[in-house]
Amino acid sequence: MTTAVIIAISALGIAVIALVVSAWQYRSGRKLVQQLELVKQKLTEKEQAAPVTASFSAHLSSAEKVQDKVKDRPVAQAEKYRYAVALADQGYTVEGIAKALKMAPAEVEQVMQLARIKRPA
């Protein structure tokens, strides 16, 4: 066999490998696009199902009214949030507040962010 034939066979092999890899990437890309469309659809459904309230204070007031009607609750949820803000003002960490009030750390962080937004500058 001559050198030219060996080079041609090698080039053909590389081309076949490149074709297989391209086909695999195309197929993977199509699957990702389908999954992305599904996630977008679910997100749109959730956004339509749960409209955002106009203000946190109005939502908190309605929550307090509901909590007042519930019996055998040691501390209303709104009171818990106020207590969490007070503890944060005293220097407690998010983890410490979450443990003390039996709340999720993410919930405590959210309450802290809302308290910062509500406070005057």
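The values are calculated or read from the model by the stated rules, or taken from the named source; none is laboratory data. Keep in mind that this is a model prediction, so the values were computed, not measured. Note that we place each Cβ from the backbone using ideal geometry, even for glycine, and neighbour counts take in every protein chain shown. Heavy atoms of the whole protein, side chains included, go into the accessibility calculation; ligands, DNA and RNA do not. Shrake-Rupley method; radii C 1.70, N 1.55, O 1.52, S 1.80 Å.
So how exposed is Glu45, as accessible area in Å² (1.4 Å probe, rounded to 10)?
Using a 1.4 Å probe on the heavy atoms, I get roughly 100 Å².
What accessible surface, in Å², does a 1.4 Å probe find on Val39, ignoring ligands, DNA and RNA and rounding to the nearest 10?
90 Å²
Applying the Karplus parametrisation 6.51 cos²θ - 1.76 cosθ + 1.60 with θ = phi - 60° to the phi angles of region 98-110, what ³J(HN,Hα) value in whole Hz is obtained for each residue in order, glycine and proline being reported as x?
4, 5, 5, 9, 6, 10, 6, x, 5, 5, 5, 4, 4
I need the shape label for region 1-43. Rule: rounded when a/c is under 1.5, else prolate if a/b > b/c, else oblate, with a, b, c from the alpha carbon gyration tensor.
Values: a/c = 11.51, a/b = 9.54, b/c = 1.21.
Prolate, because a/c is 1.5 or more and a/b exceeds b/c.
What is the sum of charges around Ala88, taking Lys and Arg as +1, Asp and Glu as -1, for the other residues whose C-beta is under 14 Å from the C-beta of Ala88? Display every interim value, and only then the final one.
Working: positive: Lys80, Arg82, Lys99, Arg116, Lys118, Arg119; negative: Asp89, Glu95, Glu107, Glu109.
Here the count lands on +2.
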